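A.B. asks: Take this structure, written in structure tokens, and hold onto it; I'll ask about it next.
The values are calculated or read from the model by the stated rules, or taken from the named source; none is laboratory data. All values reported here derive from a predicted model rather than from experimental measurement. Counting neighbours? That spans all protein chains shown, and the Cβs are built from the backbone with ideal geometry, glycine included.
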Amino acid sequence: MKAGGALFIFTERAAEAYNAALSILRNGGDPSELQKLLQILENEKALLRNMFVKSLSQSKTRDEVSMRREGLRVLDEMINRIKMFLGAGAPVEAFSSAS
């Protein structure tokens with residue numbers, strides 16, 4: 001995937017959950033669906049973290065390691081945004097004015 005000029009590595013499932021969560025946060029939607037997406041993103045983050053650790057021990061290129069690291073950072077950011085909105089009880093529509 002590519003965001004803000006940076007390339008990063010996601011699993012297909014993480015990319016789908018990320019895009020769906022982003023859509024809900026920007027356009028409003030069902031908080032229970034956002035909770036499901038949060039669980040998917042947390043699971044995919046664990047998978048990506050394992051892939052990242054393995055890539056450090058293997059002879060991966062610096063660019064690939066960097067893209068995996070950036071993917072983890074982007075997932076962390078989304079997970080934290082979702083938790084903030086779900087935990088604060090703020091309406092999900094508020095995200096569009098905060099971004």
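A.B. asks: Given Glu16, Glu12, which one is acidic (Asp, Glu), surrounded by 14 or more Cβ atoms within 10 Å (Cβ to Cβ), closer than 19 Å to Leu72 by Cβ and under 12 Å from the mean Cα position of the chain (by Cα)? Steps first, please.
C.D. replies: On the way: Glu12 fails: surrounded by 14 or more Cβ atoms within 10 Å (Cβ to Cβ).
Residue meeting the stated conditions: Glu16.
A.B. asks: Further question on the same structure: Across the range 44-99, which residue is modelled with the lowest pLDDT among those that are surrounded by fewer than 14 Cβ atoms within 10 Å (Cβ to Cβ) and part of a loop (DSSP other than H, G, I, E, B)?
C.D. replies: So, considering only residues that are surrounded by fewer than 14 Cβ atoms within 10 Å (Cβ to Cβ) and part of a loop (DSSP other than H, G, I, E, B), the one modelled with the lowest pLDDT is Ser99.
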